Ligand SMILES: Nc1ncnc2c1ncn2[C@@H]1O[C@H](COP(=O)(O)OP(=O)(O)O)[C@@H](O)[C@H]1O
Ligand SMILES: [Mg+2]
């Protein structure tokens, strides 16, 4: 089972964001999606869990086409897909414990089981004992880890990360990257990691896809992307906008 | 010349389309709220908190407004009547005006500023920080979780607040009448009772409930409609207050036309 995206198109009014994205995420792999700011990486991720509806094309998760799912089926799917938001998107008014427990309570698990699962999730992100804190009392890296704990509390099969390391210092970035790899090996999850940080992409991903002008411009292993001849890919990877100029 | 003539027309046309589009969006928002309303398991447990918050937020300002309105009503009545009409009519006027009109409307307007703005800012912030999306990914219906308990709390609590406002308004009028005007308590009370109809109170409560529905729905609508960053939240908040206040005045006229004839 996997995620299959075929010819995905999405525009907001006159602004075309995705113009035919096709991408397969293989079972058990970690795929990084790279690309400049505003290229549509978050839009792509949101269509996978039905937060946005594509104008055309299909997204198939575990053999089910997302767009055709009814509300309850969609919720059922979302329990199998953990989503880690760019700025963590923690509920400000709730403690760390309640944030992580939110989804579990919705499943009507008994309170002891909720507490166990929250503990397990906080343990995975190495934040045991932080349950009583409020999000405002945490550092940026800790907030992201709580966001990750909330996403893994369901014990999902898939994890989608929206720029997990953006805005973090290099040391915290390494901590998060290590966690991403740990989730992948401990839980055996299939992951999609959106990033514009090449160091992170090399560190966590088995394959890297580059989104450019509404389509997948390149997909391959870290070695393949390092060896790519395409000036657009090279320009991005090497951080040299001069290479990308005037190419389409 | 041509431009200056057509520009306002184009503007009017564009605003009309915008307004029509807004009504369309409000329609689909209402449908989603109605669907969320069936999800009692999600919002039932949140209702008490929202009712308490709403009461705490609105009572002080509502009572403040009502007390001073009662004082002014009494003074104006006595000024207007100057000898031509028996002074105990001050009681009639305070009671009628407070309960039929100013209690619900001024409370509604004050709460459009307080409660409507608060809801729009709160949900708007959750929207732009992706907390609304996060609710979705945790298999919650954001409309059932955020909008429904606030709207139901509004429908229940506005009438409660308005009853207090009506009472405080009349009390303000009474204190003014006995301390500043040449009126005794029995006379004021006689005026209160003279044209009193239980229907007046019902009318006041119906209006209050409809204002509660309106102010909270409009707050939620603009909150959920927020896209962008912090400045977008500010914009939604202002829009919620303006639209909520206008809706209250229109509804007020509607109720008068529908029930007072
Ligand atoms: N809900 C929305 N409404 C309108 N425009 C949007 C919306 N979401 C994203 N966009 C636009 O789509 C483009 C891609 O956004 P996004 O996917 O967030 O980029 P990024 O690659 O940085 O994650 C941006 O230009 C953004 O303005
Ligand atoms: Mg993004």
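The values are calculated or read from the model by the stated rules, or taken from the named source; none is laboratory data. The shown structure was predicted, so the numbers you read here are calculated from the model rather than taken from an experiment. Backbone-built Cβ (ideal geometry, glycine too); neighbour counts: all protein chains shown.
Values for this structure:
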quantity: Residue match in the stretch A:157-177 (condition: within 14 Å of another protein chain (Cβ to nearest Cβ), more than 16 Å from ligand 2 (Cβ to nearest atom), under 19 Å from residue A:28 (Cβ atoms) and in contact with a strand residue (DSSP E or B) (Cβ under 6 Å, 6 or more places away or on another chain)); calculated: yes
quantity: Residue satisfying condition, being within 21 Å of residue B:241 (Cβ to Cβ) and either touching a residue at least 60 places away in the same chain (Cβ under 8 Å) or in a helix (DSSP H, G or I) (or both), within set B:74, B:48, B:110; calculated: B:110
quantity: Qualifying residue in the stretch B:98-106 (condition: under 22 Å from residue B:241 (Cα atoms), in contact (Cβ under 8 Å) with a residue 40 or more places away in the chain and buried (at least 24 other Cβ atoms within 10 Å of the Cβ)); calculated: yes
quantity: Filter result for the condition that a residue is part of a helix (DSSP H, G or I) and farther than 23 Å from residue B:121 by Cβ, over B:240, B:253; calculated: B:253
quantity: Options B:135, B:146; residue that is within 14 Å of chain A (Cβ to nearest Cβ), in a helix (DSSP H, G or I) and free of Cβ contacts under 8 Å to residues at least 24 places away in the same chain; calculated: B:135
quantity: Among (1) surrounded by fewer than 24 Cβ atoms within 10 Å (Cβ to Cβ); (2) at pLDDT 95 or above; (3) under 19 Å from residue A:25 (Cα atoms) - the single one residue A:185 does not satisfy; calculated: (2)
quantity: Within the stretch A:150-182, tally of residues that are on the phi > 0 side of the Ramachandran plot and buried (at least 18 other Cβ atoms within 10 Å of the Cβ); calculated: 1
quantity: Filtered residues of the stretch A:37-53 (kept if touching a residue at least 60 places away in the same chain (Cβ under 8 Å) and surrounded by 15 or more Cβ atoms within 10 Å (Cβ to Cβ)); calculated: A:39, A:40, A:41, A:42, A:44, A:45, A:48, A:49
quantity: Qualifying residue in the stretch B:180-201 (condition: more than 25 Å from residue B:74 (Cα to Cα) and outside any helix (DSSP H, G or I)); calculated: no
quantity: All positions within the stretch A:77-88 that are surrounded by fewer than 24 Cβ atoms within 10 Å (Cβ to Cβ) and within 16 Å of ligand 1 (Cβ to nearest atom); calculated: A:86, A:87
quantity: Number of positions in the stretch B:120-132 that are surrounded by fewer than 21 Cβ atoms within 10 Å (Cβ to Cβ) and either under 17 Å from residue B:154 (Cβ atoms) or within 9 Å of chain A (Cβ to nearest Cβ) (or both); calculated: 3
quantity: Helices (runs of 4 or more DSSP H) contained in the stretch A:153-230 and holding at least 3 residues closer than 23 Å to residue A:46 by Cβ and in contact with a helix residue (DSSP H, G or I) (Cβ under 7 Å, 6 or more places away or on another chain); calculated: A:170-187
quantity: Out of B:169, B:116, sole residue that is surrounded by 24 or more Cβ atoms within 10 Å (Cβ to Cβ), more than 14 Å from the chain's Cα centre (by Cα) and away from chain A (no Cβ under 14 Å); calculated: B:169
quantity: Counted residues, the stretch A:121-156 - those being within 13 Å of chain B (Cβ to nearest Cβ) and free of Cβ contacts under 8 Å to residues at least 24 places away in the same chain; calculated: 0
quantity: Enumeration of residues in the stretch A:124-149 that are at pLDDT 95 or above and loosely packed, with under 14 Cβ neighbours inside 10 Å; calculated: A:132, A:136, A:137
quantity: Qualifying positions in the stretch A:49-90 - more than 8 Å from chain B (Cβ to nearest Cβ), under 16 Å from residue A:11 (Cα atoms) and within 16 Å of ligand 2 (Cβ to nearest atom); calculated: A:52
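Let's see how each residue does on (1) within 14 Å of chain B (Cβ to nearest Cβ); (2) within 16 Å of ligand 2 (Cβ to nearest atom); (3) at negative phi:
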residue: A:3; (1), (2), (3): no, no, yes
residue: A:9; (1), (2), (3): no, no, yes
residue: A:34; (1), (2), (3): no, yes, yes
residue: A:39; (1), (2), (3): no, yes, yes
residue: A:45; (1), (2), (3): yes, yes, yes
